[in-house]
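The values are calculated or read from the model by the stated rules, or taken from the named source; none is laboratory data. None of the values given here were measured: they were computed from a predicted structure. Every residue, glycine among them, receives a Cβ derived from its backbone with ideal geometry; neighbour counts consider all protein chains shown.
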Amino acid sequence: MVVVYALSTCPYCKMTKKFMDDNAVPYEHTDVDLLEGDERETVVATVKELSGGTSFPVIVLEDGEVIVGFNKVRLIEKLGVGGSGA
């Protein structure tokens, strides 16, 4: 399962989720800015560990590869989808 760490207000995060939806890619997503307390701290620490920072979106592919930011070309290549959408 692909996992997307996002911010609810981030346009690139919205583009990533739209891309996944438009291409029928199953994924789970977490809007990090909507979390609170310990849960938020834990997820932010996870994002930092995965990406080396706090840029969003952070996309974790099934093979464990991490893509930081909305990179449509890389997503098409790695997910083997047609690339419709954003």
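Observations
- Restricting attention to segment 1-13, the residues being in contact (Cβ under 8 Å) with a residue 12 or more places away in the chain and outside any strand (DSSP E or B) number 7.
- Of the criteria (1) crowded, with 16+ Cβ neighbours inside 10 Å; (2) in a helix (DSSP H, G or I), which one ALA45 fails: (1)
- For segment 66-83, the set of residues classified as in a helix (DSSP H, G or I) and in contact (Cβ under 8 Å) with a residue 24 or more places away in the chain consists of LYS72, LEU75, LEU79, listed by residue number.
- Whenever a residue of segment 33-49 is modelled with pLDDT of 95 or more, its partners that are in a helix (DSSP H, G or I) and β-branched (Val, Ile, Thr), lying with C-beta atoms within less than 9 angstrom and at least six residues away or across chains, give the pairs LEU35/THR42; LEU35/VAL43; LEU35/VAL44; ARG40/VAL32; VAL43/VAL32; VAL44/VAL32; VAL47/VAL32.
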